[in-house]
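Note sheet for the following structure.
The values are calculated or read from the model by the stated rules, or taken from the named source; none is laboratory data. As the structure is a computational prediction, the values presented were derived from the model and not from experiment. Cβ placement follows ideal geometry from the backbone for every residue including glycine, while neighbour counts extend to all protein chains displayed.
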Amino acid sequence: MIRDVVKIDEELCNGCEQCVPGCHEGALQVIDGKARLISDLMCDGLGACIGHCPQGAITIEKREAEAYDETRVMEIMVTKGKNTVIAHLKHLKDHNETGFLREGVQYLKTHEQTLGFRLNEVISEVHHHGHEAASHAAHQGAGCPGSISRVIERPVAGVEKVAVASAVAVQSELRQWPVQLHLVNPQAAAYRNADLLIAADCTAFAVGDFHQRFLRGKSLAIGCPKLDSNLDVYLNKITAMIDHGGINTITVMIMTVPCCGGLLRIVNQAVSAASRKVPVKLIVVSVEGNVVSEEWV
């Protein structure tokens with residue numbers, strides 16, 4: 001089976017860590033100053049990390065996929081040093097790959113005399129991985145915070161409040177269609193001399209009063225900098241909206257998860273490339289639907 005796998009040019013990589021949040025599987029970490037693919041088992045070849053590499057050190061290659069072999073993976077990890085081995089084994093542990101974890105530890109035991117580091121230190125680091133360490137790892141590459149499952153507890157409204165809310169229809173504030181950035185025409189009438197809201201896909205689902213509070217009076221465009229392809233199209237369209245559509249302001253609305261920041265970067269690049277300047281406001285929303293920050297940038 002042919003599949004896509006991340007390939008890292010270590011000569012180009014400068015260890016800036018910008019690729020790490022883009023890897024939602026947590027297969028990328030920066031170790032000893034270089035980006036490492038610590039588990040090709042978990043690499044889905046999506047390539048979200050590519051857009052975050054300013055050095056062009058990350059590419060996607062197609063190759064014949066073999067059955068996953070933890071022993072072969074450990075042979076590679078060991079050559080990268082103790083820290084890479086620890087990161088790989090922690091990664092397996094975090095994703096409940098207990099079978100592969102046992103195989104990896106067994107490989108270390110079998111080759112203990114040639115490792116160049118102490119086996120006990122590695123095992124201690126891997127198993128001393130409590131809640132605090134897991135939380136830290138989530139922000140350092142052992143899983144994107146935006147992909148972590150969570151339950152949001154909210155107070156249950158009384159029967160009377162539900163009945164009143166159901167009886168009152170909330171009017172949509174959407175002024176145009178389509179809204180997805182790949183589909184919109186940057187010179188459409190809806191964008192001429194308009195205040196533009198560029199929102200990450202998830203924001204409208206997180207914020208209960210999205211239409212009344214943020215969309216009212218604005219034209220809309222939505223996108224996801226992590227999952228959408230051909231982001232250069234977004235850059236070109238936003239630039240055209242500024243130069244030819246004559247928009248007045250841009251409000252960028254994103255979630256607190258790291259990958260969402262790509263939307264602001266695209267807007268900033270478009271503003272820099274445009275021949276006229278427009279003010280940009282950034283609104284950051286938590287996964288619970290609360291506004292974390294709102295400021296002109």
- Item | Among the residues listed as VAL271, VAL252, the single one being assigned to a helix (DSSP H, G or I) and in contact with a strand residue (DSSP E or B) (Cβ under 7 Å, 6 or more places away or on another chain) | VAL271
- Message: If LYS161 meets every condition in (1) surrounded by 10 or more Cβ atoms within 10 Å (Cβ to Cβ); (2) over 30 Å from LEU231 (Cβ atoms); (3) modelled with pLDDT of 60 or more apart from one, which number is that one?
- Response: (3)
- Task: Assess whether ASP69 counts as being in the same structural domain as THR114 (by TED's automatic domain parsing), at pLDDT 85 or above and either surrounded by fewer than 15 Cβ atoms within 10 Å (Cβ to Cβ) or β-branched (Val, Ile, Thr) (or both).
- Result: no
- Task: Return the total of residues in the stretch 202-229 being part of a loop (DSSP other than H, G, I, E, B) and either without any contact (Cβ under 8 Å) to a residue 24 or more places away in the chain or farther than 25 Å from HIS52 by Cα (or both).
- Result: 7
- Scan the stretch 175-200 for residues that are part of a loop (DSSP other than H, G, I, E, B), under 27 Å from the mean Cα position of the chain (by Cα) and in contact (Cβ under 8 Å) with a residue 24 or more places away in the chain and jot them down. VAL179, LEU181, HIS182, VAL184, PRO186
- Message: Residue under question is GLY99, and the condition is that it be under 23 Å from LYS34 (Cβ atoms) and exposed (fewer than 15 other Cβ atoms within 10 Å of the Cβ); does it hold?
- Response: no
